[in-house]
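Single-structure report; data block below.
The values are calculated or read from the model by the stated rules, or taken from the named source; none is laboratory data. The structure presented is a predicted model; accordingly, all values stated were derived computationally and were not measured. Neighbour counts run over all protein chains shown; Cβ positions are idealised from the backbone, glycine included.
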Amino acid sequence: MGLEKAMKYALRRSRDATTFLAGGLRTALPALLGTCLLPLVAFLSILVIAIPWLPEVARPLRALTSAERRRVARVLGHEIPEPYAPPRGTSFEQGFALLRTPSTWRDLAWMVLHGYGGLLAGVMAVALWPSILFSLSLPLWWWAAPEGSQSAFIVLDSWHKALTMPFLQAGINILALWWLVPRLARWQAWIAAKLLGPTRGVSLAERVEQLTETRAEALEAHGAELRRIERDLHDGTQAQLVSVALRLGLADRRFDADPGAARALFLEAREGIEDALTQLRTVIRGIYPPILSDRGLPGAVRALAAGQHIPITVEIELEVGGTERRVPAAVEAAAYFVVAEALTNIAKHSGAAAAQVTLRRDGDRLRIIVRDDGKGGADPARGSGLAGIRRRVAALDGDTRVDSPVGAGTTLEVELPCGS
Amino acid sequence: MRIVIAEDNALLREGLVLLLTSDGHEVVAVADTGPEIVPALLAHRPDVAVLDVRLPPGFRDEGLRAAIEARKALPDLPVLVLSQYVEETYATELLAGGAQGIGYLLKDRVGRVEEFLDALQRVAAGGTALDPEVVSQLMTRRSPLQGLTPREREVLALMAQGHDNATIAKTLVITERSVSKHIGSIFLKLDLPPSDSGHRRVLAVLAYLNA
């Protein structure tokens, strides 16, 4: 990666993290308010009289945690499931149940943590950007700044300090934006995912349910695929071959009486066979693109990239522990489909001048990243291409993330589990 | 002509031998696996080789690899590669060592015997025969082609397939004079150096499409 590219990437990463942390302020402020009210609720609960009211009190908290789950899910690429059991019994029983379930305490722990931490991180991330400009301009007007003004923790009281310390301060700020802010964003998302998601026991049950669901979806998708192939072969190729046989039969009957007409029928039969072959090729490509068997996933993806209008850089690292292990065929086909569909989308809609395809094996997951420098604004809810990718990836229990800010290109990130 | 064939499907292999011998050619060797190809070509030095892409033992792209390898040892060896499907990347790889005496066709084309034999003849004579499907794949990739008229595109496609002016004129039912006129205009628009020799022209077009 070139230096300019790396810098662009770092800038983007810091910008995205700042946006995320700033968005966190919307949940952090109510969380802080809740934290302030917490002692009151706790006090009333000890007196028992407040217990029937607890479900009412928990409602805004749950609304808040739901908002946070949605916000964090957008960057994580997968939903954070709600850990709550449905309420049962009288309001008194419900109140007690609330006190007993771990999820309440985890919600509260998140509220306190995010109330303080989220506020701090959000304000800091947003303030860091203008403070760089502030520091850089300080040498011009430090003498007019209030007495005792500091830069890099040093009081500015002489020219030589004023000409060095603000640059050091700007450096520190840039370092914080580059290193700390993206990590803060990740931690924030991680904390929310850990505390607001189901606990291990619950999450295993959920996981089984989710796997059952994706398995059912995969079976459904597989069934639909088989039906489509059957229909293509039955209505297309088979019918075509029947008509060829018919023409050959007719040609045979006319051969002696009217060789000219027989010949015309022979030629028609040949055209019919050529059409049938073309159809067969399309069907085969839909089942399993032949280039995947010939060249494996890396070669097939490189061939896809080479066939595009715009230059596509391809980076592929499929080695695990020094040896390249083949990904399961179904995953290979899905990965190929994802890249093909993404490149088609780029060619059709993005107006991009260049794009990048990255395939990486991370442990037992195959990660596919397709990035372009086009006009962005891709909406997975509208584009049928993205919806198709999401379906196909979900059927294999994978994750799909689309990041497409208007005017700043589109990044599609797909993760597919591939056994071990 | 003396011909070496590599094809693993017995029916198709026999069909090819029948077709070629009935046209007066001699099939000097038949390979049905990938590793046999290059030694057979080196031993027999045929006038042209007809190779299937997917062959035992790996059933991947053995034929294509053999073609490229053989051309490294015998650069003038004309090779016609046949496949159930065509892939632009394979064409690019085949043409990388020069387009002279290279053919790459869908197996379906064997059914049009005259055209197939004509393509074989062309390749053996140092010409080029690219499948229309490969050419259209190559052409959709090049966006500057949008400046060409539909007719000029047709002419360009036929030229890239390796046909000469007479064949292009016959296929499009126009006069050879207007074919030359179209070609002049194509070369002007694509900013290619004008060249009258049929073969150098094909090379220029392919180099352009392949860039």
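The C-beta contact set for the stretch A:124-143 (first residue surrounded by fewer than 17 Cβ atoms within 10 Å (Cβ to Cβ), second residue among the small types (G, A, S), distance under 6 angstrom, 6+ apart or interchain) comprises A:V126/A:A22; A:L136/A:A170.
When B:T33 is tested against (1) among the β-branched types (V, I, T); (2) at pLDDT below 95; (3) under 19 Å from the mean Cα position of the chain (by Cα), just one condition goes unmet, and that condition is (3).
To keep it simple, each residue is scored yes or no on (1) over 20 Å from B:E62 (Cα atoms); (2) within 13 Å of chain A (Cβ to nearest Cβ); (3) modelled with pLDDT under 90.
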position	(1), (2), (3)
B:L74	no, no, no
B:L80	no, no, no
B:Y85	no, yes, no
B:V113	yes, yes, no
B:T128	yes, no, no
B:S136	yes, yes, yes
B:Q146	yes, yes, yes
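Applying the set (1) charged (D, E, K, R); (2) assigned to a helix (DSSP H, G or I); (3) modelled with pLDDT under 80 to A:R62 leaves exactly one unmet item: (3). Screening the candidates A:E319, A:E341 for the property of being away from every other protein chain (no Cβ under 12 Å), crowded, with 16+ Cβ neighbours inside 10 Å and of a type outside the set (K, R) yields one hit, A:E341. Could we say that B:E154 is in a helix (DSSP H, G or I), within 14 Å of the chain's Cα centre (by Cα), among the charged types (D, E, K, R) and closer than 22 Å to A:E274 by Cβ here? So B:E154 does not fit the description; no. Among the residues of this structure, B:S180 does not count as one that is hydroxyl-bearing (S, T, Y), over 23 Å from B:K107 (Cα atoms) and at pLDDT below 85. For the stretch A:281-300, the set of residues classified as away from chain B (no Cβ under 11 Å), out of contact with any Phe, Trp or Tyr (no Cβ under 7 Å at 6 or more places or on another chain) and more than 18 Å from B:L106 (Cα to Cα) consists of A:G286, A:I287, A:Y288, A:P298, listed by residue number.
For the stretch B:21-62, filtered to residues that are among the aliphatic types (A, V, I, L, M), touching a residue at least 24 places away in the same chain (Cβ under 8 Å) and outside any strand (DSSP E or B), the residue that is farthest from the other protein chains (Cβ to nearest Cβ) is B:L42.
Are any of the residues in the stretch A:331-344 part of a strand (DSSP E or B), in contact with a helix residue (DSSP H, G or I) (Cβ under 6 Å, 6 or more places away or on another chain) and at pLDDT 85 or above?
Looking only at the stretch A:331-344, we keep the residues that are part of a strand (DSSP E or B), and these are none.
Within the stretch A:331-344, none of the residues are part of a strand (DSSP E or B), in contact with a helix residue (DSSP H, G or I) (Cβ under 6 Å, 6 or more places away or on another chain) and at pLDDT 85 or above.
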